[in-house]
Amino acid sequence: EAEVAQSPRYKITEKSQAVAFWCDPISGHATLYWYRQILGQGPELLVQFQDESVVDDSQLPKDRFSAERLKGVDSTLKIQPAELGDSAMYLCASGGRAKSSYNEQFFGPGTRLTVL
Amino acid sequence: AQSVTQLDSHVSVSEGTPVLLRCNYSSSYSPSLFWYVQHPNKGLQLLLKYTSAATLVKGINGFEAEFKKSETSFHLTKPSAHMSDAAEYFCVVILGRTSYGKLTFGQGTILTVHP
């Protein structure tokens, strides 16, 4: 069964350092999402891609976060510099073409980031 | 204003007894509503979805939910809890037709099942 892959699964870093997370969506999925889940809360969308284009990045802290999906397949989320408040689970999800209707999103296992 | 509110942060039941996880929503449009489950160290999994068809929606693992527009609720139920149901559950809404499928999650309800 096809799954969304994420790496690393765990990352510990010191504040002010740079970190990067990688996501490989299910083959053929046009949409890719990055969510942040702070402990005790539900996931919050950071950025949504349709193929290689950003559809929604309204909640992405653009002074320190960046995301790319250059060839419309896998994606990288970067934080530079990391801050203590960035400690969270970062989830990637993928789905079919999303226009005005819902299509199911399939989630990866996540990357748990701890900033010391 | 919260778009989706899960009324209980923790629910504890005994194995074999019914499960009720409560969710209320607010949306200007006819919403699309979902329940997701998250087991420890695993990804989120879709349990069921409501997208303006039948108001009683059946999902996986014996769960079901009823959309009640008059009460703006979408509570999740299961007649008999199993130990494997212990997990965190999220009520999720798509707020508008032009949201490109953007999911808005509730705060989550942790379900504990006692032997």
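The values are calculated or read from the model by the stated rules, or taken from the named source; none is laboratory data. This one's a predicted model, so the numbers in the text were calculated from it and none came from an experiment. Here Cβ is always computed from backbone atoms with ideal geometry, including for glycine, and neighbour counts include all displayed protein chains. For the accessible areas, the whole protein counts, side chains as well, though only heavy atoms, and no ligand, DNA or RNA atoms are used. Shrake-Rupley method; radii C 1.70, N 1.55, O 1.52, S 1.80 Å.
Would you confirm, using the coordinates I've provided, whether A:L46 is at pLDDT 95 or above and in contact with a Phe, Trp or Tyr (Cβ under 6 Å, 6 or more places away or on another chain)?
Numbers: at pLDDT 95 or above: yes; in contact with a Phe, Trp or Tyr (Cβ under 6 Å, 6 or more places away or on another chain): yes.
For A:L46, the condition - at pLDDT 95 or above and in contact with a Phe, Trp or Tyr (Cβ under 6 Å, 6 or more places away or on another chain) - is met.
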Exercise. What are the residue pairs meeting all of these: first residue in segment B:60-88, first residue of a type in the set (K, R), second residue open to solvent by 60 Å² or more (accessible area, probe 1.4 Å), Cβ atoms under 7 Å, and 6 or more apart or on different chains?
Worked result: B:K78/B:P18
Exercise. If you scan segment B:33-50, which residues turn out to be at pLDDT 90 or above and polar (S, T, N, Q)?
Worked result: B:Q38, B:Q45
For this session: Specify which of the listed residues (A:V115, A:V54, A:V47) is aliphatic (A, V, I, L, M), at negative phi and in contact with a Ser or Thr (Cβ under 6 Å, 6 or more places away or on another chain).
Result: A:V115
For this session: Output the residue which, of all residues in segment A:16-37 that are open to solvent by 40 Å² or more (accessible area, probe 1.4 Å) and modelled with pLDDT of 95 or more, is farthest from the other protein chains (Cβ to nearest Cβ).
Result: A:S16
Problem set entry | Residues located in segment B:37-49, provided they are within 8 Å of chain A (Cβ to nearest Cβ) and buried (at least 22 other Cβ atoms within 10 Å of the Cβ) | B:L44
Exercise. So is A:L60 buried (at least 19 other Cβ atoms within 10 Å of the Cβ) and either in contact with a Lys or Arg (Cβ under 9 Å, 6 or more places away or on another chain) or more than 8 Å from chain B (Cβ to nearest Cβ) (or both) or not?
Worked result: yes
For this session: Output yes when any residue across segment A:104-114 is open to solvent by less than 10 Å² (accessible area, probe 1.4 Å), of a type outside the set (D, E, K, R) and over 23 Å from B:F90 (Cβ atoms), and no when none is.
Result: no
For this session: Return a yes/no flag: does segment B:66-79 have any residue that is surrounded by fewer than 20 Cβ atoms within 10 Å (Cβ to Cβ) and among the acidic types (D, E).
Result: yes
